[in-house]
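Just below is one structure, and these are the notes that go with it.
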Amino acid sequence: MPQPLLSIIIPAKDEAGNLPQLLDEIATALADEEYEILVVDDGSTDTTWALLNQRAAKDARLRPLRHERSAGQSTSIWQAAWAARGTWLATLDGDGQNDPADLPRLYDKTRQEGIALVNGHRVQRRDNRLTRLSSRVANRVRSALLKDDTPDTGCGLKVMRRDVFLKLPYFDHMHRFIPALILAQGGQCVSVPVNHRPRGTGASHYGLNNRLWVGLVDIVGVMWLRRRSRLPASLENGVHPMPEQSIAGAPTPAVSPSEETP
């Protein structure tokens, strides 16, 4: 199997009823692309793990991963990103509400120079009234305080550079603040309108307590991280450039503007 350019990451908890159709739709949408799919079973109690292994036995592009106990969406995405092989990461929710047909359009945007993140923007939400209200409040507060110029950071549909994502600070619920964190590191983000669909089977794992209130508290922490973030200053070699090996024998990495360290 050739080295894939796109690694699709799907965190899934008790989504056995939604994953077969979602995986089939991804195959249709990306028929002309080289890709892999990493589905993280986040402590499911249904048949998600058995389903993933059965499909993986027939499809080498599918790589199932598993948490014995639920670790959360951010942890699932972060760990899968480290295991991914692609240059770009695409994330989708496992409930089928994100439409894989939008993936090619978002992926095509990455060809623009300097783009680090293409974020989906759900313009017509298909959630219940409480979910829409809590998301609207959280988005407005976040946008006002973080000024991340992203109308819908909660959309699970994203395409981003893997190397940029892996340099971001990891914490629980970080997936809601990826645009703000990338901007703090000097990256460029764009938003693209995407389709949003009703949930297939099962029930949402998010409610008022773990979506709105937790999100508002997390904003304070992200504000602190952004204030403490500093982009690296330009560094030039003098008359005698540094040797490739340090005195202790450890390699000394070259520093260039394209290799920013947070």
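The values are calculated or read from the model by the stated rules, or taken from the named source; none is laboratory data. Note that the structure is a prediction, hence the values are computed from the model and not measured. Here Cβ is always computed from backbone atoms with ideal geometry, including for glycine, and neighbour counts include all displayed protein chains. Surface accessibility is based on the protein's heavy atoms, side chains included, excluding ligands, DNA and RNA. Shrake-Rupley method; radii C 1.70, N 1.55, O 1.52, S 1.80 Å.
Given the options A31, A27, A16, name the one that is farther than 27 Å from H173 by Cα, of a type in the set (A, V, I, L, M, F, W, C) and assigned to a loop (DSSP other than H, G, I, E, B).
Numbers: A27 fails: assigned to a loop (DSSP other than H, G, I, E, B); A16 fails: farther than 27 Å from H173 by Cα.
The unique qualifying residue is A31.
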| request: Count, please, the residues in segment 34-87 that happen to be farther than 24 Å from P169 by Cβ and touching a Gly at 6+ places or on another chain (Cβ under 6 Å). | output: 0
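Which helices (runs of 4 or more DSSP H) sit wholly inside segment 124-195 and have at least 3 residues that are modelled with pLDDT of 90 or more and in contact with a strand residue (DSSP E or B) (Cβ under 8 Å, 6 or more places away or on another chain)?
Values: elements: 129-146, 162-166, 178-184.
Helices (runs of 4 or more DSSP H) meeting the threshold: 162-166, 178-184.
Restricting the search to segment 12-25, which residues are within 23 Å of D108 (Cα to Cα) and touching a residue at least 40 places away in the same chain (Cβ under 8 Å)?
At the first step, the residues of segment 12-25 found to be within 23 Å of D108 (Cα to Cα) are 22-25.
Of everything in segment 12-25, those that are within 23 Å of D108 (Cα to Cα) and touching a residue at least 40 places away in the same chain (Cβ under 8 Å) turn out to be L22, E25.
Taking segment 1-14, which residues are modelled with pLDDT of 95 or more and either in contact with a Pro (Cβ under 9 Å, 6 or more places away or on another chain) or open to solvent by 10 Å² or more (accessible area, probe 1.4 Å) (or both)? I'd like the intermediate steps shown before the answer.
Going through segment 1-14, the residues modelled with pLDDT of 95 or more turn out to be 6-14.
Those that are modelled with pLDDT of 95 or more and either in contact with a Pro (Cβ under 9 Å, 6 or more places away or on another chain) or open to solvent by 10 Å² or more (accessible area, probe 1.4 Å) (or both): I8, P11, K13, D14.
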| remark: Only one of (1) of a type in the set (S, T, Y); (2) under 26 Å from V164 (Cα atoms); (3) in a loop (DSSP other than H, G, I, E, B) does not apply to S76, and that is (3)
| said: touching a helix residue (DSSP H, G or I) at 6+ places or on another chain (Cβ under 8 Å) and in contact (Cβ under 8 Å) with a residue 40 or more places away in the chain: is that true of T28 in this structure? | reply: yes
| What number of residues within segment 53-73 are outside any loop (DSSP other than H, G, I, E, B) and touching a residue at least 40 places away in the same chain (Cβ under 8 Å)? | 1
| query | Considering segment 30-75 alone, what residues qualify as being more than 24 Å from I178 (Cβ to Cβ) and among the β-branched types (V, I, T)? | reply | T45, T47, T48
